[in-house]
Structures are given as structure tokens and as C-alpha cells.
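Enquirer: Okay, here's the structure, questions in a sec.
The values are calculated or read from the model by the stated rules, or taken from the named source; none is laboratory data. All figures in this text were calculated on a predicted structure; none of them were measured in a lab. Positions of Cβ are backbone-derived with ideal geometry, glycine not excepted, and every protein chain shown enters the neighbour counts.
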Amino acid sequence: MKKKLVIIPTYNEIENAEKIIRAVFGLDGGYHILIIDDGSPDGTASVVKGLMPEFDGRLFLIERSGKLGLGTAYITGFKWALEKGYDYVFEMDADFSHDPADLARLNEACEGGADLAVGSRYCDGVSVVNWPIGRILMSYCASIYVRKTLGVKIYDSTAGFVCYSRKVLETIDLDAVQMKGYGFQIEMKYSAVKLGFKLAEVPVIFVNRKEGTSKMSGGIFGEAFWGVLKLRFRKITSKV
């Protein structure tokens, strides 16, 4: 069986941490989980540590000091996954906005020939539940902006529910990734497509968090807006 790792970055997710871990481990497929916690003052890391003996060899934790950014968390996780020999590496939020059951559908897309699979909110209409209309419009228009500016046919470029095959993460120069907020999601997908990898979008329903607090901010969107313009004129080079 292929080795599969689900990376879940956390910051103040004490309400969700145990629930999401148990939900993923309750699935078939033999998933492992790597939690990357950015010094959550609410004790999220302590909850994870308490579960590690129960899920020995399947649940892992990296603790970082302070909020260092979503992109750097994933880069840290990607490098760890490559060192440990994982074949498929997933990105997923801790707050159940991504349905853990859809991990299997992303995995199937990669097993079926895609190099990376994106859980897409917009490839089959708009599939978002309980988001304010303003946030839906901002997110949807951001993906249109990315498609037009970068000339790539990705309907949900900011999606944070992704499965990467090992060869994609080995090929992208992870040290050269510049955006650290949600622009990171755009940069990774764009880099993969420009390097010739096959991207598949899998329609999913995105549900706004029920517990905890969103980490979204205006600065995140500002970084993505200007970062996409710069990305258009950058040469994407392979690491290998």
C-alpha cells in the first residue's frame, strides 16, 4: 500500500484537533497525520501529544514558535514527508471545512493518473456552505483573477484541500516558494502546472467552520494579489 500523509497546520484549534484526528483515522486507507502547530496558546499541541500514544507510529507533531505562516508550515511538512518516504501528501484544514471522507476521492484522482488533485469549490458551480456572500465573491473572483493573469485553467487556485504525488514535491524547488499566506496555494499549483504535471480538480463541498476562529485576513489577500502579478514574470525551474 502507498504511504499517505495528511498534513494539518494548526493555530488555536483546540476545539477541533482531537475531532479531526479521530475522523481521519476512522477512514480506510491507512492515512498518517502530521500536525504542524505554530505555538497555539490554547493548548492545541498538548491535545495532539495526548493522542500520540494511542496512535503511535501514525500521528506526528511538529511544534513551531509563533505564527510563521501557512506556506512555511506546509513547506516544513512537505520536506518531512519526503524524508520519511511518503508517496502521497495531502493538505487539509483542521476545522472540518474539508470533509475527511473526500481524502479518498483526491487519492483516487492521483492513483488514476493525476500528479496532484485539488478539492475544488468552483469547478462544478459554487459549492460553499455558510460563507458570507462577500467572502464567496472574493474567493471566486480571486480564482478568476489567477486564471486570467497566469493563463492556467484552474478553477479553485486558492483551495487548501490538495493531494500531491511525491514526484511533484520532489520536483518543485520548495526553497524557492515565495508566498507564505494563501498565495502559497496559488504558487504551488501554478508551479506544478508550469513544470508539466497533470492537475485534476475534484468537486467538493466546502463548509464554513463551526468551531474556532478563522485565520483569514485582508493582508493574506493583498499578498496573493501582488504575488500573482510577480509570479507571471517569474521563471519556474525544476529542482531535479
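Enquirer: Consider I20 carefully, then state whether it is within 24 Å of D173 (Cα to Cα) and touching a residue at least 40 places away in the same chain (Cβ under 8 Å).
Expert: no
Enquirer: Any residue that is buried (at least 20 other Cβ atoms within 10 Å of the Cβ) and either free of Cβ contacts under 8 Å to residues at least 12 places away in the same chain or among the polar types (S, T, N, Q) (or both) - is there at least one of those in segment 110-120?
Expert: Yes: one or more hits.
Enquirer: K67 versus (1) touching an Asp or Glu at 6+ places or on another chain (Cβ under 8 Å); (2) within 20 Å of F90 (Cα to Cα): which is the lone unmet condition?
Expert: (2)
Enquirer: Could you look through segment 83-109, keep only residues that are more than 18 Å from P9 (Cβ to Cβ) and among the hydrophobic types (A, V, I, L, M, F, W, C), and pick out the one that is surrounded by the fewest Cβ atoms within 10 Å (Cβ to Cβ)?
Expert: A101
Enquirer: Name every residue in segment 69-121 that is in a loop (DSSP other than H, G, I, E, B) and either aromatic (F, W, Y) or within 17 Å of I205 (Cα to Cα) (or both), in order of residue number.
Expert: Hits for segment 69-121 are Y86, M92, D93, A94, D95, F96, S97, H98, D99, R121.
Enquirer: Going through segment 28-44 one residue at a time, which ones are buried (at least 19 other Cβ atoms within 10 Å of the Cβ) and touching a Ser or Thr at 6+ places or on another chain (Cβ under 8 Å)?
Expert: Those that are buried (at least 19 other Cβ atoms within 10 Å of the Cβ) and touching a Ser or Thr at 6+ places or on another chain (Cβ under 8 Å): I35, I36, D37, D38, S40, T44.
Enquirer: Sticking with this one: From F78, F60, which residue is farther than 20 Å from K167 by Cβ, surrounded by 15 or more Cβ atoms within 10 Å (Cβ to Cβ) and at pLDDT 95 or above?
Expert: Numbers: F78 fails: farther than 20 Å from K167 by Cβ.
Only one candidate qualifies: F60.
Enquirer: A follow-up question, please. When both residues are 6+ apart or on different chains and their Cβ atoms are under 7 Å apart, which pairs have a first residue that lies in segment 56-84 and is under 19 Å from D42 (Cα atoms), and a second that is among the hydroxyl-bearing types (S, T, Y) and buried (at least 19 other Cβ atoms within 10 Å of the Cβ)?
Expert: Partner pairs satisfying both residue conditions: K67/Y11; L70/Y182.
Enquirer: Among the numbered criteria (1) part of a helix (DSSP H, G or I); (2) in contact (Cβ under 8 Å) with a residue 12 or more places away in the chain, which single criterion is violated by S46?
Expert: (2)
Enquirer: When you scan segment 169-191, do you find a residue that is within 26 Å of A104 (Cβ to Cβ), assigned to a loop (DSSP other than H, G, I, E, B) and not hydroxyl-bearing (S, T, Y), even just one?
Expert: Within segment 169-191, none of the residues are within 26 Å of A104 (Cβ to Cβ), assigned to a loop (DSSP other than H, G, I, E, B) and not hydroxyl-bearing (S, T, Y).
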